[in-house]
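The values are calculated or read from the model by the stated rules, or taken from the named source; none is laboratory data. No experiment lies behind these values; they were computed from the predicted model shown. Reconstructed Cβ throughout: ideal geometry from the backbone, glycine too, with neighbour counts over all protein chains shown. Note: accessible area is taken over every heavy atom of the protein model, side chains too, but ligands, DNA and RNA are not part of it. Shrake-Rupley method; radii C 1.70, N 1.55, O 1.52, S 1.80 Å.
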Amino acid sequence: MLTISLFLQIMRKYVGAENKSIPSFCTYFFALFMKEPISSREVGLDDDDKYYPFGKESEKSAAYKMYKGKRDIPESALRAVHANLDKSRFLEAAADIPFDARKNLCTDLSQYGVDCTTDNVDETCAEIFCSIIKAELRKLPGVEIDLFEGRNEVGEVIPPVPIQPARYADGAVYLPGGDVIKLHPSIKPHGDINEATLPYIHALCEVYAEQLAKDVTPKTTGELPEKLQRHLELQRQAYFDAKSIERSVRDAFVDGERQFSALKDDAYDGIEMVYFDEDYETGYVRLREVLKKITSTELAKSNLVNIKGFITNKTRKGVCHILVDDARIKSWVNTDA
């Protein structure tokens, strides 16, 4: 079982290593999961070292014992994080972890039954920490935390995906009433293919194998001709763009997951006839025509299209590759697969 002590000891190797002492690391790490103080009350608490957990000298011993596994998370720390929970600063810090370190972090977590990849390890770690906080809070007498529809981890009301036109810019959604919803940082593909086990990558390898009349695997994609390497890079960029949207709306809107599913359903309906057209000589041509079709298809089932500038042509193409992961599309080469 991954306790807070074990988790902190793992994370200290990858995030916040510049904090030399154990208490200062605990202070830094817990603060990554809290929104910055905004109100005058919060700023005042911060000035007195009372906003972030373990900020006061008298709390250093508790931080040290917690890190060493000699005590649970203090109730005050649990309540402070839960009342001000915000994963965005942690995700920004984790995005800077180098590729090799991300692989090592995945290996460390796997020893405790955590399955993740270098592409999603940051989000996985954020979920682990939030789960630990909520599990520890539930142990406190008289505390009930129900994750009911319409609320996030801190009990704040989450708005639905806007029905009226809204605007997306600079990583945030600007609602008609003036509210601003900050989204998670977008995820980007790394230089090496880390999502090699995902069906969409294998489907692309099948396309390239047919083009070149030889076997192509995720491990040999670096040997592809320059044109096909560029093609693969563009497909991965589109895929990660769509996955970023999926992850963001899931956490930012109460009906985000349902609205993204509606987007996928609409996309499939729009490309289905093109995909099953038997006149294409190769899978490469079929994929090209499907991606061309999706950029001109009206997507009206999901309210996500009401957010101007959010669902781009790149996102639409990426959704097609997510449909492969979902097994809605089995193969670009053989539609009867």
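3J(HN,Hα) along the range 233-246, derived from phi through the Karplus expression 6.51 cos²θ - 1.76 cosθ + 1.60 where θ = phi - 60°, amounts to 4, 5, 5, 5, 4, 5, 4, 5, 4, 5, 5, 5, 4, 4 Hz, with x in place of Gly and Pro. Indicate the gyration tensor shape class of the range 220-294 (rounded, prolate or oblate), computed on the Cα atoms with a ≥ b ≥ c the square roots of the eigenvalues: a/c under 1.5 is rounded; otherwise a/b larger than b/c is prolate and the rest oblate. Note, shape of the range 220-294 comes out oblate. Surface exposure of the range 248-300, expressed per residue as accessible area with a 1.4 Å probe, stands at 50 Å². The distance linking the range 266-291 with the range 12-56 is 52 Å (Cα centroid to Cα centroid, whole angstrom). In the chain, the calculated helix contribution to ellipticity at 222 nm averages -15500 deg cm²/dmol per residue, counting -39,500 (n - 2.57) for every DSSP H run with n ≥ 4.
Quick one: which residues, 5+ away or cross-chain, put their amide H under 5 Å from the amide H of residue 34? H built at 1.01 Å from N. Answer set, sorted by chain and number: 86.
Here the Karplus relation 6.51 cos²θ - 1.76 cosθ + 1.60, evaluated at θ = phi - 60°, turns the backbone of the range 278-285 into coupling constants of 8, 7, 6, 6, 9, x, 4, 5 Hz, with x for every Gly and Pro. Annotation: amide H of residue 308 within the under-5 Å range of 166, 167, 168, sequence separation 5 or more or interchain, hydrogens built in the peptide plane.
Sequentially through the range 39-44, phi angles give Karplus couplings (6.51, -1.76, 1.60; θ = phi - 60°) of 5, 4, 5, 5, 5, x Hz, Gly and Pro residues having no value and appearing as x.
Accessible area of the chain with a 1.4 Å probe: how many percent of it is carbon plus sulfur?
The nonpolar share, carbon plus sulfur, comes to 48 percent.
Taking only Cα atoms and a 10 Å spring cutoff, compute GNM fluctuations for the chain and point out the largest among 239, 52, 112. Answer for the Gaussian network model of the chain: 112.
Between 134, 214, 68, the GNM of the chain built on Cα springs shorter than 10 angstrom shows 214 fluctuating the most. Relative to the longest principal axis of the Cα atoms of the chain, the long axis of helix 22-31 makes an angle of roughly 60 degrees. In this structure the range 1-73 gives 53 Å² per residue of accessible area when probed at 1.4 Å with all protein chains present. For the chain, the longest principal axis of the C-alpha atoms and the axis of helix 121-138 are separated by about 40°. Think of the chain as having a plus end and a minus end, set by charges on the Cβ of Lys, Arg, Asp and Glu; of 274, 25, 58, 58 sits farthest toward the positive end of this dipole.
Once you have the Cα-Cα distance between residue 46 and residue 107, take 0.36 nm times their residue separation minus that, and quote the gain in nm to one decimal.
Difference between extended and current length: 18.3 nm.
With Cβ to Cβ distances under 10 Å as the rule, what net charge do the other residues near residue 249 carry (K, R +1; D, E -1)? Here the charged neighbours net out to -1. Mean-square fluctuations from a GNM of the chain, with a 10 angstrom spring cutoff on Cα atoms, peak among 294, 163, 245 at 163.
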